[in-house]
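We did not get these values from a lab; they are worked out from the coordinates using the rules stated. Everything quoted here is computed from the prediction, not taken from an experiment.
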Amino acid sequence: MIGVVVTLKIADGKHEDFQQAAKDLMAKTKANEPGTLFYQLFQSKTDPAIYYFLEHYASEEALKGHGESEYYLAAAPKIGACLAGAPDIQYLNMIE
């Protein structure tokens, strides 16, 4: 199993646009990807400009499928337009 933590810093004035795009992406991911076991956005309590996507995939194939999905590819530029810098993406191996 694979975990992913994506850290995003959102530009001033872009929070509403970002949250709208992210919520749509979460809904479509949860509805269409049985191999995506957990996919949730969180906002930092100490710095409201920082958001985290916490993701859990059943396999490499599930992770790859998510990144190639039509709705992910449509959401990526919308989310990218809201960023105040490059995202930090950490890929994790689950310890069982």
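Points to keep in mind about this one:
- Centre-to-centre separation between the Cα atoms of the range 1-50 and those of the range 82-96: 11 Å.
- Helix 15-32 axis, angle to the chain major axis (alpha carbon atoms, nearest 10°): 10 degrees
- Estimated from helical segments only, the mean residue ellipticity of the chain at 222 nm is -12500 deg cm²/dmol, where each DSSP H run of four or more residues counts as -39500 (n - 2.57).
- Mean Cα-pair separation over length for the chain, i.e. relative contact order, pairs under 8 Å, 6 or more apart, %: 48 percent
- Answer label, with Cα extents along the principal axes in Å calculated from the coordinates and candidates (1) 48, 24, 24; (2) 38, 28, 19; (3) 67, 33, 21: (2)
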